[in-house]
Amino acid sequence: MECKLPPPLTEEQVSAFLDGEAEPAVRQHVIECAHCAARVAQARQVEKMMRQQLLRWDCPTAQQLGDYHLGLTGEEDNRRISAHLQHCAHCRAELADLRAFLSAPDPGDAPEPRPHSPPFGFSRLRDIVARLAPSPAPALALRGENAGPLVFEAGGVTVFIQLKTVNDVTLLEGQLAADDLTAWEGALVQLHQAHRLQAAAVVDELGGFRFEPFVKQASDLRIAAPGGEAIILQIPA
Amino acid sequence: MNLDSLSVDDLARQCSEETSRFRRGDSFEPRHCFELLRRALSGGRMDAFTSVYHIYQPQVLRWVYSHSRFYQTGESAEYFANSALTSFYFALRGDKFNNFAALPQILSYLKTCVHTAIMQYLRKTPPVDTADISEEQAAGDVTGFDAVIHASELWDRVCELLPDVRDQTLARGVFVHALKPSQIVEEYPGQWGSPREVSVALQRIRRSLRKDPVLQQWAGMPTSPDE
């Protein structure tokens, strides 16, 4: 493909167009010339990728900045974060926000929850709601028990949920399966029923957790890994 | 009274009462709450953690609502309360709890967790003014990019293409810190004399970067059109 309206746009004109500072003639050229329009689109794609992938990539996490502010970081982290703060206006601004927030007086009563906010509190953007999959074949029975667990899948993690009754007490057993199960060891599992946290458990080194006793009703399980990833299981009644 | 002899339920009940007294401005006794938190975090008692969650969630919610940037997120306060209490659990569980000797210090850390939950969320998402979120934002990722590319790998490539340290500094200012030319002059005194000088240098490095076939491939573009 060649420029339909030679000479083709210069790189400076492409940059100006991306910055929204192009002259009318340049803008018109992009409208009328598919070749130069493709160059602009390609340049935009590359720059967009760079801006999104690189934005604050090596900044300390907000948690690390918080620990730094409270004097909870080690010597090496202190040095690294101090050096980083020399040239990062974003992190300096976050620290300033934190100082102001911590020193603010105790707030009054919270406003009434907004009508659309779920009491359980999961994020449409951040949390992964697991999909309830068809039950596996009996050969995949959990830990030697009867077949028939609920199977949830989300973000490369499979969670098997099985209810059992032992001595008239119902319990819920969960089992995670993942390529990297170590990322989920120690994960915090929250059992929410009737819009309230009922119990919490921790995923063990084999990927298992349990709630005993378990009251059979519609439940939400939030499984949060130490690394920050969280999946939500919506268990039907 | 020997707190060791109290059950989790008794500790929770006492902590709840002391917390209510504190909220009313009355004198209060922090020992029961401290012991409850110790059992939950250092001791790994999940029943104690559940009680901690119930007792402190209202306070955490108040903090969320009072945070100056909460309303930029478009999320529910309950989401951040849960995030804060979860990260609080991970941060202070086990031996890490021993860094804290008193209840006010622990609650200050919990309040910090509210701030970090909101700020970490905002880092990943541009702020929204309404609760309505577009499909593109809900999808989270920007289409067309090779999601496997790690930022460190990308930065290494940028440094290969820009061997001059001053150019790397400029690229860092623009792409990593999203600074405008005038901000770059301020942030790196002595390196550039004016925003105009920054803009000229920036045109040059953008041109170099955009032409790189590796970056183009990572951006989902197969080849560069002929000029």
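Coordinate-derived values only; no laboratory data. Bear in mind the structure is a predicted one, so any value in this text is a computation, not a measurement. Here the Cβ positions follow ideal geometry from the backbone for every residue, glycine too, while neighbour counts run over all protein chains shown.
Assorted remarks:
- Derived scalar couplings ³J(HN,Hα) [segment B:175-191; Karplus, 6.51 cos²θ - 1.76 cosθ + 1.60; whole Hz; x for Gly, Pro]: 8, 8, 9, 6, 8, 7, x, 5, 6, 5, 4, 6, 6, 10, x, x, 8
- Cβ-isolated cysteines (cut-off 4.7 Å), chain B: B:CYS113, B:CYS159
- Remark on segment A:1-41: ratio of C-alpha radius of gyration to 2.2 N^0.38 Å is 0.99.
- Per-residue average of Cβ from other chains inside 10 Å of B:163-174: 1
- Here the Kirkwood formula puts the hydrodynamic radius of chain B at 21.8 Å, using every distinct Cα pair.
- Lysines whose Cα lies under 18 Å from that of A:LYS164, excluding same-chain neighbours fewer than 8 positions away: A:LYS216
- Reciprocal of mean inverse Cα separation for segment A:1-102 (Kirkwood radius, Å): 16.9
- Near A:VAL129, the amide H atoms lying under 5 Å from its own belong to A:ILE232; only residues 5 or more places off or on other chains count, and H is placed 1.01 Å from N.
- Mean partner shielding of peptide B:114-125, defined as the number of other chain Cβ atoms within 10 Å of each residue Cβ, is 6.
- Radius of gyration and maximum dimension Dmax of segment B:9-78, Cα, Å: 14.0, 40
- Amide H to amide H, with H built 1.01 Å from N, A:GLY208 comes under 5 Å of A:LEU176, counting only residues 5 or more places away or on other chains.
- Cys residues of chain A counted as unpaired, since no other Cys beta-carbon is under 4.7 Å: A:CYS3, A:CYS59
- Sorted by Cβ neighbour density within 10 Å, fewest at the top, the residues A:GLU185, A:GLU75, A:GLU23: A:GLU75, A:GLU23, A:GLU185
- Segment A:48-93: C-alpha pair distances exceeding 12 Å, %: 63
- Backbone phi angles across segment B:107-122, fed through the Karplus curve with coefficients 6.51, -1.76 and 1.60 (θ = phi - 60°), yield HN-Hα couplings of 5, 5, 5, 4, 5, 4, 4, 5, 4, 5, 5, 5, 5, 5, 4, 5 Hz in residue order; Gly and Pro are listed as x.
- Taking chain A as a Gaussian network of alpha-carbon nodes connected by springs under 10 Å, the highest mean-square fluctuation of the residues A:PRO24, A:PRO105, A:PRO134 belongs to A:PRO24.
- Direction-averaged projected area, Cα convex hull, chain A: 22.8 nm², rounded to one decimal.
- Under 5 Å from the amide H of A:GLN198 lie the amide H atoms of A:LEU191, A:HIS192, A:GLN193, each residue being 5 or more positions distant or on a separate chain, with H modelled from the backbone and absent for Pro and chain starts.
- Straight-distance candidates among the lysines for linking to B:LYS211, with alpha-carbon spacing under 25 Å and chain neighbours fewer than 8 residues away dropped: A:LYS4, A:LYS48, B:LYS180.
- Inter-chain shielding of A:59-72 (mean C-beta neighbours from other protein chains, 10 Å cut-off): 5
- The angle separating the long axis of helix A:34-54 from the principal Cα axis of greatest extent in chain A is about 50 degrees.
- Tilt relative to chain B, helix B:77-92 - C-alpha long axis, 0 to 90 degrees, to 10: 80
- Residue among A:GLU205, A:GLU94, A:GLU32 with the largest mean-square fluctuation in a Gaussian network model of chain A, springs linking Cα atoms under 10 Å: A:GLU32
- Calculated from backbone phi, Karplus (6.51, -1.76, 1.60) coupling profile of segment B:93-103 in Hz, x at Gly/Pro: 6, x, 5, 4, 4, 5, 6, 10, 9, 8, 4
- Diffusion constant of the protein assembly as shown at 4 °C, which comes from Stokes-Einstein with the Kirkwood Cα-pair radius and 1.567 mPa s, µm²/s: 51
- For B:GLN14, net neighbour charge (Lys/Arg +1, Asp/Glu -1) across residues whose Cβ lies under 12 Å away: -3
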